[in-house]
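Single-structure report; data block below.
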Amino acid sequence: MYESLKMIQVLSLLLIVQTAVLCDLDKGRIPNGLILAGLGMGFIFQAVSDGPAGMVLFLGGIFLPILVFGPLYYFRMIGAGDIKLMSVVGAFLGPAACFSCMLWSVLTGGVLSFALVLRHHNLFSRMLCLADYVREYRQTGVWKPYLEQADEHAKFCFSIPVLISVLGCIGGII
């Protein structure tokens, strides 16, 4: 029974993350209803599989992405939906596996970002944008969202690296 519960848990998580990616690509956001459904399912799976200890894993998995990615959200380098999606991953997998997924998501996101910069031939302009951002902060002392003035080529859906990292974590690759 434990094996079939784990299989349902993994398939449910994959369905939620894949749906989030499709929504993110289509509308540029991840619906809160999907996040709430994912959190509810993660809660149920943790409660059934690990009982009271599962609640600790559930809560740890939810709050770890908020604590780690919170500063990135503050500077608008990552969206709130991406953090909430990673909290859903944590709800299903617990904090240890969630941390691994977070690490691999950031690394995968970096590789994808670099590939996009190469594809759009805008490495120099992206570096100038970063330098301007840092220079403006030094002069004014005021933090502003990093991507506030960025063109569309500077943005991509972080839910894609989240999906890749989840596939790696649940498949035993990572």
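Please treat every number below as a calculation from the coordinates, not as lab data. Please read these numbers as outputs of a predicted model, since none were measured by experiment. Cβ: placed from backbone, ideal geometry, glycine included. Neighbour counts: every protein chain shown.
Based only on the alpha carbon positions, what is the Kirkwood hydrodynamic radius of segment 1-111, in angstrom?
14.1 Å
Along the charge dipole of the chain, which of L57, F124, L15 sits closest to the positive end, that is, farthest toward it, with unit charges on the beta carbon of Lys, Arg, Asp and Glu (+1, +1, -1, -1)?
F124
Out of residues 5 or more away from I78 or on other chains, whose amide H comes under 5 Å of its own, with H placed 1.01 Å from N in the peptide plane?
Amide H neighbours of I78: Y73.
Once both labels are modelled 7 Å past Cα along the beta-carbon direction, what's the A37-F156 spacing in nm?
2.7 nm
Mind checking Rg over Rh on segment 21-174, alpha carbons, Kirkwood formula for Rh?
With Rh from the inverse mean 1/r over Cα pairs, Rg/Rh is 1.03.
Can you give me the angle between helix 80-120 and the longest principal axis of the chain, using Cα atoms only, in degrees from 0 to 90, rounded to the nearest 10?
Roughly 30 degrees, rounded to the nearest 10.
Report the calculated FRET efficiency for H121 and S100 (r = Cβ-Cβ distance, R0 = 35 Å), to the nearest 0.05.
0.55
Where does helix 123-140 land angle-wise versus the long Cα axis of the chain, in degrees 0 to 90, nearest 10?
Compared with the principal axis, the helix lies near 80 degrees.
How far apart, in nm, are the 7 Å Cα→Cβ label points at V111 and L67?
Spacing of the two 7 Å Cα→Cβ label points: 2.8 nm.
Please report, in debye to the nearest 20, how large the charge dipole of the chain is about its Cα centre when each Lys and Arg carries +1 at its beta carbon and each Asp and Glu carries -1 there.
In debye, rounded to 20, the chain gives about 260.
Just to check I understand the Karplus step: with θ = phi - 60° and J = 6.51 cos²θ - 1.76 cosθ + 1.60, what whole-Hz values come out for segment 32-48, glycine and proline as x?
4, x, 5, 5, 5, 4, x, 5, x, 5, x, 4, 4, 5, 5, 5, 6
Measure nothing fancy, just the Cα-based angle from helix 2-27's long axis to the longest principal axis of the chain, in degrees from 0 to 90, nearest 10.
Taking the Cα atoms of the chain, the angle to 2-27 is about 30 degrees.
Measuring from centroid to centroid over Cα atoms, what is the spacing of segment 83-102 and segment 8-72 in Å?
7 Å
Sort 137-144, 12-19, 163-170, 88-95 by the packing proxy (mean of other Cβ within 10 Å over each peptide's residues), most packed first.
For the peptides 137-144, 12-19, 163-170, 88-95, the packing ranking is 88-95, 163-170, 12-19, 137-144.
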